[in-house]
Amino acid sequence: MLYPEEYIRFGKIIESKGFDRIYVYDDLMFYPSFPILSLIAEHTSKIELGPCLVNGFYRHPALIASNAAFLDALSNGRSVLGLGRGAFFDFLKMNDDEKFTRETFKETLQLIQHLFKQKKNGFRGDVFKTSKKTVLRVSPPAKPYFITATWNKKMAYLGGKYSNEVQLAEVFTKSYFNKITKAFLKGCNDSNDIGCKHISIGGMICVADDPAKAIAAAKKTLAVYIPYLKTILKQHKVDVKSSLIKEIDYESKRGNYLEASKLIPDDFVSMLTLSGTPADVANRIKSLISNKPVKGIMFSPPYSTFDTMEENVNYLSQRLLPELYNV
């Protein structure tokens, strides 16, 4: 976990290394993303900034809209808005039915778009409703940019239909990537928005000269999220009701991440992360995105196997990015 002043320093470092965008997680029980993004915005000048991701359960769409408008004004138009279904609902005993959370995501996105357009006719959905008095009283982003973050085909369809970009996380096999891209393209075809739409890929990545160390480090981060990646595991024919998965769930949801990481098989790392040597990871990315409408690649922690965030980011910049320049 970083302290507030460290976000400023790392924001400057990431911008100086030539990266195009900084995402800040908005996961439950960690620091909220918008204050952190505001800190970074004040101390950077070129890099795009946005949450990855916010949802309409933890923060009402009207509050998301006002936060996003402030970030865009503070950053002089460099903001993007990453939205999704969310996770960790089980911690708060909330309804996490996939159909319900997907519908809530769609209405969250639609209501924010409604507010950004400063419509005065109210909003009527199944989840969210507003009166005619609900009008954003600050200037909205001049060019709002919406990103749907998901690893789910139905969500990829909605992202293609309603967003500017779909950020696919932890989707690293050709067969599933082809399926989810097909869903995205169908959403694009059904969209009323004639603008150009893109896919970005990304998620947990760990590169190192020693691939065994990269895999071991990836497991420690994967241990936090594996209870919420069962949609992808099912795509790989993994029995998500097995005793192994139940044991990983048990340790992870109690914060025993080291114990959970020791239970994770190596093949799960291959399914759910990009881990290995820089050349191996670069070749895998190149093979995956060939002839696809892919705009960018997102890197999520742990990045590499060094002790500090700065060393890990430097390693990515110096060793992985040159391998990807010809993608």
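The values are calculated or read from the model by the stated rules, or taken from the named source; none is laboratory data. As the structure is a prediction and not an experimental result, all values here were calculated from the model. Reconstructed Cβ throughout: ideal geometry from the backbone, glycine too, with neighbour counts over all protein chains shown.
A few notes on this one:
- Matching residues, the range 135-151, being part of a loop (DSSP other than H, G, I, E, B), of a type in the set (S, T, N, Q) and in contact with a Ser or Thr (Cβ under 7 Å, 6 or more places away or on another chain): none
- Test: residue in the range 182-196 that is of a type in the set (Asp, Glu), within 30 Å of ASN312 (Cα to Cα) and touching a helix residue (DSSP H, G or I) at 6+ places or on another chain (Cβ under 9 Å): no
- Qualifying residue in the range 268-276 (condition: surrounded by fewer than 13 Cβ atoms within 10 Å (Cβ to Cβ), under 18 Å from SER175 (Cβ atoms), under 23 Å from the mean Cα position of the chain (by Cα) and not small (Gly, Ala, Ser)): no
- The condition of being within 19 Å of ALA156 (Cβ to Cβ), surrounded by 15 or more Cβ atoms within 10 Å (Cβ to Cβ) and among the hydroxyl-bearing types (Ser, Thr, Tyr) holds for only one of THR101, THR44, that being THR101.
- Among the residues listed as LEU272, LEU263, the single one being within 30 Å of TYR7 (Cα to Cα) and either touching a helix residue (DSSP H, G or I) at 6+ places or on another chain (Cβ under 8 Å) or touching a residue at least 60 places away in the same chain (Cβ under 8 Å) (or both): LEU272
- One residue alone among LYS119, LYS161, LYS132 is over 25 Å from SER300 (Cβ atoms) and part of a helix (DSSP H, G or I), and that residue is LYS161.
- In summary, ASP193 fulfils each of the numbered conditions (1) at pLDDT 90 or above; (2) surrounded by fewer than 18 Cβ atoms within 10 Å (Cβ to Cβ); (3) not in a helix (DSSP H, G or I) with the single exception of condition (1).
- Residue among GLY160, GLY56 that alone is in contact with a helix residue (DSSP H, G or I) (Cβ under 7 Å, 6 or more places away or on another chain), more than 27 Å from LYS292 (Cα to Cα), crowded, with 23+ Cβ neighbours inside 10 Å and in contact (Cβ under 8 Å) with a residue 24 or more places away in the chain: GLY56
- Test for VAL127: is it within 30 Å of ALA41 (Cβ to Cβ) and of a type in the set (A, V, I, L, M): no
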